[in-house]
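Each remark here refers to the structure printed beneath this line.
Nothing in this text is a laboratory measurement; each read-out follows from the coordinates by a stated rule. This is a predicted model, so every value here is computed, not measured.
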Amino acid sequence: MEPTHLFLGTAAQNTADMLNKGRQARASRHGSAKLTDADVLTIRSLRKCGETYQTIANRYGVTKTSVGDIVLYRTWRSV
């Protein structure tokens, strides 16, 4: 760690700095993500082809609420 790269700030300033620099873990970069970016694209495609949320959820081991959130771009918006 280079001490000259550090600066004092509040938690809010630290969070803003992290977001501005794109250093937050999102989508498949998140450590607990069950899905990949490719999975998300396939899920959206399957839904457009008429697959039910439950069928897709069973296939990927997630909840149908998670599938709905992906399809409606509530989550995984970066993909």
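When N is the residue count of segment 27-79, what does its C-alpha Rg come to as a fraction of 2.2 N^0.38 Å?
Ratio of Rg to 2.2 N^0.38 Å for segment 27-79: 1.00.
I need the phi-derived Karplus couplings for segment 42-54: 6.51 cos²θ - 1.76 cosθ + 1.60, θ = phi - 60°, integer Hz, Gly and Pro marked x.
5, 4, 5, 5, 4, 5, 4, 7, x, 5, 7, 4, 5
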